[in-house]
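The structure under discussion appears below in the form of structure tokens.
Values in this text are rule-based calculations from the coordinates and carry no lab data. Here the structure is a predicted model, which means the values were calculated and not measured. Cβ placement follows ideal geometry from the backbone for every residue including glycine, while neighbour counts extend to all protein chains displayed.
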Amino acid sequence: MKKTYLLMASLLMAGGAVAQLQPNVGGELVALLPDGVTANIDQTKMFQTAKNLAVAGSPEKGYYAFFSASDTDHGEELWVTNGTAEGTHMVMDINPGVASSEVNWLTRFNDKVVFSATDGVWGSQLWISDGTEEGTHMVKQIHELDNADPKGFCQLNESQFVFFATSLDSEQKYGTAEQWLWVSDGTEEGTQLVAEVDSKYPGSENLDHRYGATVRSGRKVFFKADAADKYGTTYGEELWVTDGTPAGTYMVKDINKELDTNDPDSLSTNSAAISYIMNVENRGVFFKAWSLESGNEPWFTDGTEAGTYEIYDTNPTKNAETGVGNGGGVCMVGEIYKGQVCFRGFQEATGIELGVTNCEKGNFRQFDIFTYEPSNEHQSFPDHGVVFDDRYMFCASAGTDANIDGQYGGELHWFDNEKVQLQYDFAPGNGCDWVKELTVCGGSLYWWNEGSMDGTGATNTKLVRLNAWDSIPKIISNIDAGGDQVYCLRNMDGSLLFTSKVNGQVYCYTYRQPDYDPNKNPDVMEPDIPAPSAVEGVEANAIEFATYPNPAVDAFRIKGLDATSFDLRMYDMNGRLVRSIDNMGIGVKVDVSDLPAGRYEVTATAEKTGTVSASLIVNK
């Protein structure tokens, strides 16, 4: 969405709501919701949240944002905005009348959003919307009798997303309700169960991690889960990965090998407390995990067991009685900066300060910000940051004791890969800005402050703008004298969306610097999904001729595989293994006369080629 940008600092009326800027800050602030409508948006710092503000669209169609809002005639329903009051409206009364449709977990899927909702008949099921009433519908009734409660949506590739949901089978099969892994292309026939796993989304993910517990890297999605079958061996909460197929869904590694004392007669192990998963340039994910040897420490995986390892033991001390590692901990993971992950990292001499790693084994640096001695007792506790003006920008504290010189509270800092420095002492002296939800938009950096910078409360939770890494921040919003309570900042192609807890309003703020350079801090709106790798390309070519005939009626053969023998596995779309043949030869028939019609996944594993997969349609 591109608009004509007006420079103004006056009151603007939009649909009966007042939108007000601070004097002399420039830009246009518009209140989007008409009188009598209240937005229902979670006041969290996460991109994956039940009541989300989700931006979707495309360069061709433009961008727009979805959210849930309530009025007296319709209850809570799905709304959409293009950033203008005139272009803000209810999409559809999904649950007709005053009853609410309980729109939850709004997540972008290309130029649409997917979400959980109920029409009052089927309970919470999988829905999709393009922002129009005719383009909004239930995709599939996953649970036959009750709520499917789909959540954890994550785009997998150009045409599919994965999610977790409860079906009647997953509720009853193993004696407790579980949310299994599904894949969908947005159609009923393209929505299928991938694997029976006891998923842990949203699980125990920390609310201070913006990026959630379901993360795509490359063309795979990483998530937390356990074995679904609780009558067998379980592993606790560990890291799993999926490519959207049954054969490509597996536990990456059992990191915590501590035996589960609640099940002493089995080989079941405890949870590794997986958290803070972060995509690292589509080459794998960084995450926090707990092991007996080290406690909570930073880990990396490329999706294979061999490529999964502890990066660095930041606290090599151990409990004197148990011998278990004390762990340094990992939290507040921010955007990737120059190929590195920046996070709260520990060192015994300095305590919790800014940690940096390129994810290679043994690579870890720490930058001590709060240096008042003893340094290990004075820690800056840096928050997660973003990349702006080729620097990593984040909030950290250098002390709040007014009796000690050099303690200037929680403020914005920058890191240039060599040093860390205070950006500006916005809250004078030992006062705190407490920078939250850093968001790059339209060439500027935005956040809201948590704390009273002038001691009166008047500047509490205001919207703040920074035009350059070395400029002075400016307070932008002026919604309420007692504090604006701004939150949920989203970039909509250069316009900033946010909401206020004061009035339940949604705002759009548009600003451009006079010397705005769109290439310096670009508005990245499209998901970074890489093309298939060379190995994946070989597999894709093999899929075209690996099974024949296709569709098959009574039998099929494998051809085109560079191997004399291989192990064959065949799965139905519920992830169940229906054929297993070891040391099979090329050209040998596989009988499917007893299988029902439908789509199946066929895999062939050989020493030379590894595992390749193909889809097979069985007709009757």
I need the per residue convex hull volume for segment 73-177, using only the alpha carbons, in cubic angstrom as a whole number. 106 Å³
Taking square-rooted eigenvalues a ≥ b ≥ c of the alpha carbon gyration tensor, is the chain rounded, prolate or oblate, where a/c under 1.5 means rounded and, failing that, a/b exceeding b/c means prolate? oblate
Roughly how tilted is helix 534-545, in degrees to the nearest 10 and between 0 and 90, from the longest Cα axis of the chain? 40 degrees
Pull out the extension gain between residue 206 and residue 320, defined as 0.36 nm times the separation in residues minus the alpha carbon to alpha carbon distance; nm, one decimal. 38.1 nm
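What is the sum of charges, Lys and Arg at +1 and Asp and Glu at -1, for the other residues whose Cβ falls under 13 Å from the Cβ of residue 196? Don't skip to the end; give the middle numbers.
Values: positive: 173, 230, 576; negative: 169, 171, 178, 198, 226, 229, 572.
Residues near residue 196 contribute -4 overall.
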Measure off 7 Å from each Cα along the Cα-to-Cβ vector at residue 582 and residue 472, then give the distance between these two points in nanometres to one decimal. 7.6 nm
With the label point 7 Å along the Cα-to-beta-carbon line of residue 405 and a cut-off under 17 Å to each amide N, the hits in segment 339-371 are 371
Pairwise label distance in nanometres, residue 529 with residue 159, each label 7 Å out on the Cα-Cβ vector: 1.0 nm
How much length is gained if the chain between residue 169 and residue 607 is pulled fully straight, taking 0.36 nm per residue apart and subtracting their Cα-Cα distance, in nm to one decimal? 154.1 nm
Once both label points are put 7 Å beyond Cα along the C-beta direction, the residue 419-residue 548 separation in nm becomes 6.8 nm
Per the 1/(1 + (r/R0)^6) rule, R0 = 30 Å and r from the Cβ atoms of residue 43 and residue 250, FRET efficiency to 0.05 is 0.25
So what is the calculated 222 nm ellipticity per residue for the chain, using -39500 (n - 2.57) for each DSSP H run with n of 4 or more, over all residues, to the nearest 500 deg cm²/dmol? -1000 deg cm²/dmol
